[in-house]
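J.: Submitted below is the structure of interest, expressed as structure tokens.
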Amino acid sequence: MPPVPRPFPRFIADSPQEAKPYGRWQERLAKEFAEACQGHASEAGAPLDPQTVRWFPDRTWGARAYVPATGRANMPEDRSPEDGEQAAAPLTVEYFGWVSFERSPDGEPDELRAHADFTDVTAEDNPDWKIDLSDDVIGTWRAEGDRGGDVTLVWGLPMVRGAVAVTAELDGEVLDQAAVQDGRFTLVSVDAVTGFGDKLYVEIRLWDGTLREIAAESLYE
């Protein structure tokens, strides 16, 4: 085959090895994630509620494995309104992020790092969502000249029934794919690509068992 005009990197991450952590390993990851969330607790209004943490399938890129997570803030009970006041609507805050690690020569995880952020834009307030997505830039892809883009970790929850697979697509080209495991998925793809005409952004697409597309979302909607 001849050289391609758009050499986007495809399938750059290892396939998921675990659907979600468990036991002492899960406890260790949860501690790292909670500490990363704690730095945002004041701005978010409350710390992470450890009982709400959801773990997503791991993906390995650049010698580091990434285990994404989401969790809810432990919001205080609403105060009773004073005379003449209306009760404030309950605020829902979601933390999202990941814990990453390298594997030492004996196979044990080492050099753990964690990153977290938060949002008050949640699926409960957006019933029209078909996919609940989180993402974070974990690296850079550079092509010749000034061309390149962001290596982006994407994880999420299908909000429609029947999803068995998910793809990350950039201007009609599939750059990553994964099975939906326990109603969750994780992808790694280049995004926000420049130098090939208009700036290109990744789209996430869900597929059912007959390979019929049942949902599509952009990271920027």
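The numbers here are math on the coordinates, done by the rules we state, and not lab data. These numbers were taken from a predicted model, which means no experiment stands behind them. We place every Cβ from the backbone using ideal geometry, glycine too, and count neighbours over all the protein chains shown.
J.: May I ask for the net charge around residue 156, where only other residues with Cβ less than 11 Å from the Cβ of residue 156 are counted and Lys, Arg are +1 while Asp, Glu are -1?
T.: Summing Lys and Arg as +1 and Asp and Glu as -1 gives 0.
J.: Still on this structure: For the stretch 7-76 and the stretch 147-186, compute the distance between their C-alpha centroids and round to whole Å.
T.: 17 Å
J.: Would you work out if the chain is rounded, prolate or oblate? Take a ≥ b ≥ c from the square roots of the eigenvalues of the alpha-carbon gyration tensor; rounded if a/c is under 1.5, else prolate when a/b is larger than b/c, oblate otherwise. Present the calculation step by step, with values, prior to reporting the outcome.
T.: On the way: a/c = 1.84, a/b = 1.44, b/c = 1.28.
Note, shape of the chain comes out prolate.
J.: Could you order the peptides 138-145, 164-171 from most to least packed, using the average number of other C-beta atoms within 10 Å per residue?
T.: Order by mean packing, descending: 164-171, 138-145.
J.: Sticking with this one: Hey, can you rank 3-16, 180-193, 92-105 by average C-beta count inside 10 Å, highest first? Mind dumping the intermediate values first?
T.: Details: 3-16: 13.6, 180-193: 21.6, 92-105: 19.9.
In decreasing order of mean packing, 3-16, 180-193, 92-105 become 180-193, 92-105, 3-16.
J.: Return the ratio Rg/(2.2 N^0.38 Å) for the stretch 129-221, where Rg is computed over Cα atoms only.
T.: In units of the globular-protein estimate, the stretch 129-221 measures up at 1.09.
J.: Going toward the positive end of the dipole of the stretch 128-221, with +1 on Lys and Arg Cβ and -1 on Asp and Glu Cβ, which of 140, 204, 183 do you reach last?
T.: Toward the positive end, the furthest listed residue is 183.
J.: How far apart, in nm, are two points set 7 Å out from the Cα along the Cα-to-Cβ line at residue 119 and at residue 35?
T.: Inter-label distance under the simple model: 2.7 nm.
J.: Report the gain in length on full extension from residue 46 to residue 144: 0.36 nm times residue separation, minus Cα-Cα distance, nm rounded to one decimal.
T.: Fully extending the segment from residue 46 to residue 144 adds 30.7 nm.
J.: While we're here: What aspartates and glutamates does residue 130 reach when the alpha-carbon gap must be under 17 Å and sequence neighbours fewer than 8 apart in one chain are set aside?
T.: 169, 182, 203, 208, 213, 217, 221
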